[in-house]
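A short worksheet on the structure shown next.
Each reported figure results from applying straightforward, stated rules to the coordinates on display, with no laboratory input. Since this is a predicted model, take the numbers as computed values, not measurements. Every residue, glycine among them, receives a Cβ derived from its backbone with ideal geometry; neighbour counts consider all protein chains shown.
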Amino acid sequence: MLKKAIWIFLLSGCGGFFFQNCQKQQETEKSQSNTSTNSTQNLAITPKPKLNYAKYTDSTLYPNGGSELAILMREMYDDMDSVKKLVLRGELPMDLREKFAYLHSATPTDSDTKHENYPDMAKAFMDNLNRFYEEKDKEKRLKLYKVVVQSCISCHQTHCTGVVKKIKKLEIQE
């Protein structure tokens, strides 16, 4: 009888252990699934920033009009020009990641603007921008700023190539 009780105790303990392990693994898988879903959703539900339509739709300056994406890109250029000045002084600029993340969901001027490579290019830009803002060392941040600008140039070399010359003005010359 004692042997039977010991066996029951051992089996129930092992069963509980395996059940608990299985449950933890399921929770981990669910958590990982939610994390990847949330990061995908975050790209889709980035809050729309306040865009300065009045400034960036003047037809004498911008004959192509002003879609959300066009206006965002124009603001991004001006913001990056300000960032450049601060980086050159060794200062950390205001965090623009939330505003710039809207490039994933901003409506373009025409439907072919967001070509098949656009999502990957936008993600690469945001990844580089994240590294830039996370860097504490001033010299490394300066190098990462250059990578961020190069991300812009790389994307615009495949589409909307007319602005590459302007974007190159954001580069920091050695």
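Would you pull out the residues with amide H under 5 Å of residue 107's amide H, same chain only if 5 or more places away, H placed 1.01 Å from N?
Correct list: 68, 69.
Ordered by residue, what ³J(HN,Hα) values in Hz, to whole numbers, does region 76-92 give under the Karplus form 6.51 cos²θ - 1.76 cosθ + 1.60, where θ = phi - 60° and Gly and Pro are x?
3J(HN,Hα) across region 76-92, in whole Hz: 4, 4, 4, 4, 5, 5, 5, 4, 4, 4, 5, 5, 5, 8, x, 9, 8.
Select from region 78-174 those trypsin sites (Lys or Arg not before Pro) which occupy a DSSP coil region and have at most 14 other Cβ atoms within 10 Å, ordered by residue number. Mind showing how you got there, number by number?
Details: sites: 84, 85, 89, 97, 99, 114, 123, 131, 136, 138, 140, 141, 143, 146, 165, 166, 168, 169; in loops: 89, 114, 136.
For trypsin sites (Lys or Arg not before Pro) across region 78-174 that sit outside H, G, I, E and B with at most 14 neighbouring Cβ atoms in 10 Å, the list reads 89, 136.
On a full-extension model of 0.36 nm per residue, what is the gain between residue 61 and residue 105, subtracting their alpha-carbon distance, rounded to one decimal in nm?
Details: separation 44, 0.36 × 44 = 15.84 nm, distance 2.47 nm.
Gain on stretching residue 61 to residue 105: 13.4 nm.
Read phi for every residue in region 123-136 and hand back ³J(HN,Hα) as whole Hz from Karplus 6.51 cos²θ - 1.76 cosθ + 1.60, θ = phi - 60°, with x for Gly and Pro.
5, 4, 4, 5, 4, 5, 5, 4, 4, 4, 6, 7, 6, 9
Can you list the HN-Hα couplings for region 56-66, worked out from phi with the Karplus curve (6.51, -1.76, 1.60; θ = phi - 60°), rounded to whole Hz and with x for Gly and Pro?
The phi angles translate into 9, 10, 4, 5, 6, 8, 10, x, 8, x, x Hz.
Any chance you could tell me what percent of the C-alpha pair distances in region 53-170 go past 23 Å? Please report the intermediate quantities before stating the final value.
Numbers: 1907 of 6903 pairs.
Within region 53-170, distances greater than 23 Å cover 28 percent of Cα pairs.
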